Amino acid sequence: MTYPKKTLFLILTFSLFIFIQSTVSAHAGLEGKGKSIFASKGCASCHSVVRGKVNSKGPELWYAGSKFTAGFVKAWLEEPVKIRPMAYGSIVEESKEGHPALFPVDADAVAAYLATFKSEKVRPLGIKPKRTSRGRVIFEKKLGCYGCHEVRKGRRVLGGKSGPKLNDAGSRLNPDWIYAYIADPLFFYPMTAMPLYHKSLSKNDLKVLSAYVASLKVKK
Ligand code: HEC
Ligand code: HEC
């Protein structure tokens, strides 16, 4: 059977349309599945996904899609390890192990759902992880960031415990988010205990520092 050219063209366009539609809705389906898991597993009882609606039990997730590196959320939800040495929002009580874990298929869906929460405050500056001596001097000497954040130096684990660990910040945090966060931590969490440094850093030093923090990694 032969078709006239016009009919063939119509059939092809139509099939392409159906194909695009189905991949788009498969993705929307995954996010939708993630949304229902988030609700049914009680994640919302500890995490806010709405800016301005603070939940004191767990970190804000309304900018999760801008904060984390690709792949981190899924992997962490399958096997959560402590990020904050102290209980959330406390500087005296140690945190406990035992964050709820998810099966890989569910973690995948929840990660897709959380990836939809982007913040326009995080500009695409294209900062890349970079370990420079200037970055290290700012981090260690000038501003003493490790007074509150745990980092590794060779085999040694150094630093304070009141902030989240930064020893593996490079695997966890998007460098452009680190920049936006240090520039204005109050935007992300109004009750923050993280000091404001925007006045003590030039824009360029803030970039160098963000690239340095993003280079911190635990060798696996
Ligand atoms: C009982 C409260 C509670 C529940 C329920 C809970 N979380 Fe958490 N979540 C926390 C706390 C506290 C942390 C910080 C853990 C740490 O720093 O070690 C956390 C950390 C996280 C992080 C990393 C965030 C960051 O900024 O470091 C993600 C992602 C996350 N939770 C997602 C979820 C999902 C998805 C669920 C539902 C399956 C869930 N949580 C259920 C309290 C909770
Ligand atoms: C006085 C203690 C303190 C100092 C000093 C400090 N921080 Fe923080 N930082 C915190 C706390 C506490 C948080 C967690 C946010 C909160 O609880 O509000 C935080 C959060 C962060 C985060 C986000 C981590 C995450 O996973 O959410 C980054 C990145 C960060 N700090 C980088 C730095 C850098 C870079 C410096 C040095 C310029 C620095 N901090 C100095 C206390 C500190």
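The values are calculated or read from the model by the stated rules, or taken from the named source; none is laboratory data. Every value quoted in this text rests on a predicted model; they were computed, and no experiment measured them. Please note: Cβ atoms are built from the backbone with ideal geometry, for glycine as well, and neighbour counts cover all protein chains shown. Areas reflect the complete protein model, heavy atoms only, side chains present, ligands, DNA and RNA absent. Shrake-Rupley method; radii C 1.70, N 1.55, O 1.52, S 1.80 Å.
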Exercise for the section: Kindly provide the trypsin sites (Lys or Arg not before Pro) of the range 47-143 that DSSP labels as loop, not H, G, I, E or B, and whose Cβ sees at most 16 other Cβ atoms within 10 Å. Expected result: ARG51, LYS53, LYS57, LYS82, LYS96, LYS118, LYS121, LYS130, ARG131
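Can you tell me the length gained on complete extension of the stretch LYS53 to ALA101, counting 0.36 nm per residue apart and subtracting the Cα distance?
So the chain would gain 14.9 nm between LYS53 and ALA101.
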Problem - Positive-pole candidate from GLY32, LEU125, GLY135, dipole of the chain, charges at beta carbon - result: GLY135
Problem - On Cα atoms only, tilt of 104-114 relative to the major axis of the chain in degrees - result: 80
Completion exercise
With +1 on the Cβ of every Lys and Arg and -1 on the Cβ of every Asp and Glu, the dipole magnitude of the chain about its Cα centre, in debye rounded to the nearest 20, is 900
Practice task
Take the Cβ-Cβ distance between ALA39 and LYS118 as r, set R0 to 22 Å, and report the resulting FRET efficiency rounded to the nearest 0.05.
Solution key: 0.60
Handout entry: 3J(HN,Hα) from dihedral phi, the range 94-101, Karplus parametrisation 6.51/-1.76/1.60, rounded to Hz, x for glycine, proline
Key = 6, 7, 9, 6, x, 5, x, 9
Practice task
Report, in degrees rounded to the nearest 10, the 0 to 90 angle that the Cα long axis of helix 203-213 makes with the longest principal axis of the chain.
Solution key: 80
Handout entry: the range 96-137 residues near the modelled THR192 label - backbone nitrogen below 16 Å, point 7 Å along Cα→Cβ
Key = 119-123
Handout entry: Net charge dipole size for the range 133-213 [Lys, Arg +1 and Asp, Glu -1 on Cβ; Debye, nearest 20]
Key = 400
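Here are some pairs, LYS141/LYS199; LYS67/LYS141; LYS118/LYS220; which of them have Cα atoms lying more than 21 Å apart in this structure?
From LYS141/LYS199; LYS67/LYS141; LYS118/LYS220, over 21 Å: LYS67/LYS141; LYS118/LYS220.
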Fill in the blank from the handout: Taking LEU10, LEU102 and ranking on accessible area (1.4 Å, protein atoms only), highest first, one gets LEU10, LEU102
Problem - For MET86, distant residues with modelled amide H under 5 Å away - result: SER95
Fill in the blank from the handout: Note on the chain: contact order normalised by length, alpha-carbon pairs under 8 Å, 6 or more apart, percent, works out to 20
Completion exercise
Carbon plus sulfur, as percent of the 1.4 Å-probe accessible area of the chain, comes to 62
